[in-house]
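Inspection log for the structure reproduced underneath, given as structure tokens.
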Amino acid sequence: MEQQHKRRVRYKGTHPRSFHEKYKELNPEKYKDTVEHVIRKGGTPAGMHISIMVQEILDFLQIQPGWHGLDATLGYGGHTAKMLECLKGEGHICALDVDPIEMEKTKRRLAEMGYGEDILTVIRQNFANIDLVAEEYGKFNFVLADLGVSSMQIDNPERGFTYKYEGPLDLRLDPTKGTSATERLRELTQDELEGMLVTNSDEPYAAEIAKSVITAFRKGETIETTTQLKSVIEQALSFLPEKEKKEAVKKACARTFQALRIDVNSEFEVLEAFLEKLPDVLEPGARVAILTFHSGEDRLVKKAFKRFFKEGIYSEISSDVIRPSAEECNRNSRARSTKMRWAVRA
């Protein structure tokens, strides 16, 4: 019998409305021409993540075959794949992630590249608990932590990470645990919300936004979707001149979503725990590279590295941040806020 060829799913109309209809975004590795076209234009293809400062990281880590490493934030697996290449089939990497949705996709993708459990162990674990990982797998010769949210999470409206798409106001890296951003907003007082916006994202209109959110709740309104929160922020900044308003709202939305995401996932507390435990999971001479994406994260990393350097626990630390090249920033706009710091275990 002649085999029936299954037709590829096509977009309904000119553009798909539902994220689930976007076959290219959901499986970008199958559409290399589209991916390369988007990257050439300076964009990040939806559904995938472009790893940042890969060469700078590899140049510093100086990974040797036979070493044992830790990728504290697996994400799309781009950094992990490059580090695995350096091992040349000898050694091992443990890779951590709290996102059960993306973690399994990445594990499958890396397995298809030839990186099975003999050289790569993917663990669903918060990187605040690196001490537990080291107890089971031993100490590490190199560690990478990329603190940015993966593009796949941002691009999926169901995760609620961005004001640009309609979706539930969730923002949890692990959607099976904890409190969503919607629930968190209901718990906060006006003063607490204002303080959170200042601390987590240096929001200049924190007072206005906090007042607008609480006023909406007092009127019986709900803030359960990303676009509802954006609308509340637009209302908060309605006093601005028209020519300034659009850009101000855009930046305020980005900062507000960032502040909420940090709060919902306890990101500062998690990072502090990671930095505190880090020296104890490192072999002598081990190298650590950390990528940060906003000033709050960078301050915590800088402070911890300086303290442990003064105590003689790190033999060397970066004297200043390393930034991506102008060429990389032009190619990948999401790289622009990246800062890298490094340390070497004594």
- Item | Hits in the stretch 179-202 - residues which are part of a loop (DSSP other than H, G, I, E, B) and over 25 Å from Asp298 (Cα atoms) | Thr179, Ser180, Leu188, Thr189
- Please identify the pairs in which a residue from the stretch 173-195 that is at positive phi has its Cβ atom under 6 Å from the Cβ atom of a residue that is open to solvent by 20 Å² or more (accessible area, probe 1.4 Å) and not small (Gly, Ala, Ser), counting only partners at least 6 apart or on another chain. Gly178/Arg172
- Message: Can you confirm whether Ala134 is under 25 Å from Glu276 (Cα atoms) and touching a helix residue (DSSP H, G or I) at 6+ places or on another chain (Cβ under 6 Å)?
- Response: yes
- open to solvent by less than 30 Å² (accessible area, probe 1.4 Å), touching a Ser or Thr at 6+ places or on another chain (Cβ under 7 Å), at positive phi and of a type outside the set (S, T, N, Q): does that describe Gly160? yes
- Please specify each residue of the stretch 218-254 satisfying the condition of being within 19 Å of Thr182 (Cβ to Cβ), touching a Ser or Thr at 6+ places or on another chain (Cβ under 9 Å) and either outside any helix (DSSP H, G or I) or hydrophobic (A, V, I, L, M, F, W, C) (or both). Glu221, Thr222, Ile223, Glu224, Thr225, Leu229, Val232, Ile233, Ala236, Cys253, Ala254
- Item | So Tyr165, is it among the hydroxyl-bearing types (Ser, Thr, Tyr) and surrounded by fewer than 18 Cβ atoms within 10 Å (Cβ to Cβ) | yes
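Specify which of the listed residues (Met113, Met152) is in contact with a helix residue (DSSP H, G or I) (Cβ under 9 Å, 6 or more places away or on another chain), more than 26 Å from Glu283 (Cα to Cα) and crowded, with 16+ Cβ neighbours inside 10 Å.
Working: Met113 fails: crowded, with 16+ Cβ neighbours inside 10 Å.
Exactly one residue qualifies, and that residue is Met152.
Residues checked against (1) in a loop (DSSP other than H, G, I, E, B); (2) open to solvent by 30 Å² or more (accessible area, probe 1.4 Å); (3) at positive phi:
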| residue | (1), (2), (3) |
| --- | --- |
| Ile93 | no, no, no |
| Leu96 | no, no, no |
| Glu102 | no, no, no |
| Lys105 | no, yes, no |
| Asp118 | yes, yes, no |
| Val122 | no, no, no |
| Ala128 | no, no, no |
| Asp131 | no, yes, no |
| Phe142 | no, no, no |
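Could you count how many residues in the stretch 87-138 are of a type in the set (Lys, Arg) and over 18 Å from the mean Cα position of the chain (by Cα)? Steps first, answer last, please.
Keep residues of the stretch 87-138 that are of a type in the set (Lys, Arg), which gives 88, 105, 107-109, 124.
Subset that is over 18 Å from the mean Cα position of the chain (by Cα): 88, 108-109.
Residues flagged as of a type in the set (Lys, Arg) and over 18 Å from the mean Cα position of the chain (by Cα) within the stretch 87-138 amount to 3.
Going through the stretch 211-230 one residue at a time, which ones are over 25 Å from the mean Cα position of the chain (by Cα) and of a type outside the set (Lys, Arg)? Please lay out each step first, then the result.
Keep residues of the stretch 211-230 that are over 25 Å from the mean Cα position of the chain (by Cα), which gives 211-222.
Scanning the stretch 211-230 gives Ser212, Val213, Ile214, Thr215, Ala216, Phe217, Gly220, Glu221, Thr222.
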- Query: Could you say whether any residue in the stretch 272-288 is modelled with pLDDT of 95 or more, within 16 Å of the chain's Cα centre (by Cα) and farther than 19 Å from Pro157 by Cα?
  - Reply: yes
- How many residues of the stretch 56-80 are under 19 Å from Gly285 (Cα atoms) and either buried (at least 19 other Cβ atoms within 10 Å of the Cβ) or not charged (D, E, K, R) (or both)? The answer is 16
- Query: Looking at the stretch 259-346, what helices (runs of 4 or more DSSP H) fall wholly within it and have at least 3 residues that are open to solvent by less than 50 Å² (accessible area, probe 1.4 Å) and of a type in the set (D, E, K, R)?
  - Reply: none
- Query: Would a scan of the stretch 204-217 turn up a residue that is outside any helix (DSSP H, G or I), touching a helix residue (DSSP H, G or I) at 6+ places or on another chain (Cβ under 8 Å) and surrounded by 19 or more Cβ atoms within 10 Å (Cβ to Cβ)?
  - Reply: yes
- Message: Condition first: in contact (Cβ under 8 Å) with a residue 40 or more places away in the chain and open to solvent by 60 Å² or more (accessible area, probe 1.4 Å). Now tell me which residues in the stretch 81-91 satisfy that.
- Response: none
- Message: Restricting to the stretch 323-346, count the residues that are at pLDDT 95 or above and aliphatic (A, V, I, L, M).
- Response: 4
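Given the residues Val149, Val133, Val143, which is the only one that is at pLDDT below 90, touching a Leu at 6+ places or on another chain (Cβ under 9 Å) and among the β-branched types (Val, Ile, Thr)? Give the steps one after another, and end with the answer.
On the way: Val133 fails: at pLDDT below 90; Val143 fails: at pLDDT below 90.
Among Val149, Val133, Val143, only Val149 is at pLDDT below 90, touching a Leu at 6+ places or on another chain (Cβ under 9 Å) and among the β-branched types (Val, Ile, Thr).
The values are calculated or read from the model by the stated rules, or taken from the named source; none is laboratory data. The shown structure was predicted, so the numbers you read here are calculated from the model rather than taken from an experiment. Ideal geometry is used to build each Cβ from the backbone, glycine not excepted, and the neighbour counts take in all protein chains shown. SASA here: full protein model, heavy atoms, side chains in, ligands and nucleic acids out. Shrake-Rupley method; radii C 1.70, N 1.55, O 1.52, S 1.80 Å.
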